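These notes are about the structure you will find just below.
Derivation of every value follows stated rules applied to the coordinates shown; laboratory data play no part. Given the structure is predicted, the values throughout are model-derived calculations rather than measurements. We place every Cβ from the backbone using ideal geometry, glycine too, and count neighbours over all the protein chains shown.
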Amino acid sequence: MGSCDGRVAFITGASRGIGKAIARRLSAEGASVVLSASRMGAHGKLQGTLEQAVSVIQAAGGKAAAVAADLSDPAARADLIQRAGECFGPVDILVNNAAAATMKLPSQCSTEERSRMYDLNLNAPIDLAQQAIPAMKARGAGWILNITSASAIQPALPYRDSKLAAWVIGPYGATKAALDRYTEALAHEVAEHGIFVNAMAPVSIVLTQGADYVRDIARENPDMAEPVEMMAEAAVELCSGRHVGRVVFSRNIVHEVGRQVRSLDGTTVLGDAFLEADPEATA
């Protein structure tokens, strides 16, 4: 506990799911956290709220604030790191979690659909990193974590799911492959300034609160689901350790460094890298 004491963390896509879990876990390690997301999700449906996520962290005794922004709008993200820094001070830890996915066959994914994914999944993380790096350089320390995806790699034959599922993930996976490569290049550029840039993907589909379809998967195929606490624990390691240009899977980095996986509030040890998702869990 306390590996992020005194630091300010900024997490995108943090109103729910993986982003919210990482924010909670970093807060438990002592970080003051600033959460960002659009207030409305896809198709105008409410996808959890920043206010609720902030309240959960504050109720646990953490320092949290919200900065709403549509990351798909370059103008809306142009000063986002500065806005985040107005909450608790300059950003020490940047977690780029927000992403967009369009499931289309590679032969049919339109320019508009591809452009939207590349802008949110690649350009937005790069823009935010470029905004955060000058102040990190001045302080001689910083951490940037880009959340990537196993879909950056073409699934091996025979496909675990269907042919269609393996194909339609390709356009999205291509954006994550680009993010992985940019992560490595940026990491080697800024490592001499004490800034540690890495990318991390879940090994399996992440079981987050409200993800009922993942619960069904976990009940029938436990190895196809991953507890969200695994992602959060791996994020703590990559947002506090001295790793340079790693593109890793969550379980792998947890196992590599021998971390215990804790509950999101940091109070309970749940297991290690072999921890399975619990489809009956409610928190």
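With +1 on the Cβ of every Lys and Arg and -1 on the Cβ of every Asp and Glu, and nothing else charged, how large is the dipole of the chain about its Cα centre, in debye rounded to the nearest 20? Mind showing how you got there, number by number?
Values: 26 positive and 31 negative charges, 65 e Å.
Approximately 300 debye in magnitude.
When the chain is treated as a Gaussian network with alpha carbon springs shorter than 10 Å, the biggest mean-square fluctuation among Thr49, Thr111, Thr208 belongs to Thr111.
P(r) for region 8-271, from all Cα pairs and a bin width of 10 Å, is 7, 31, 39, 20, 3, 0 %, short bins first. Farthest towards the positive end of the charge dipole of the chain, among the residues Thr12, Gln82, Leu186, is the Cα of Gln82, using unit charges on the Cβ of Lys, Arg, Asp and Glu. Just so you know, the Cα atoms of region 171-283 work out to an Rg and Dmax of 15.2, 47 Å. Peptide packing: for 157-169, 64-76, 87-99, the average count of neighbouring Cβ atoms within 10 Å per residue gives the ranking 87-99, 64-76, 157-169, highest mean first. Measuring nothing but how far apart in sequence close Cα pairs (under 8 Å, 6+ apart) lie, relative to its length, the chain scores a relative contact order of 18 percent. Cross-link partners of Lys137 among aspartates and glutamates, defined as those whose alpha carbon lies under 14 angstrom from its own and excluding same-chain residues fewer than eight positions apart: Asp92, Glu189, Glu192. Given R0 = 25 Å, the distance between the Cβ atoms of Leu270 and Leu164 translates into a calculated FRET efficiency of 0.10.
With both residues required to sit in the chain, DSSP beta bridges show an antiparallel share near 5%.
Go ahead and estimate [θ] at 222 nm for the chain from helices alone: -39,500 (n - 2.57) per DSSP H run with n ≥ 4, summed, over the residue count, rounded to 500. Working shown, then result.
Working: 11 runs with 114 residues, N = 283.
Value at 222 nm, helices only: -12000 deg cm²/dmol.
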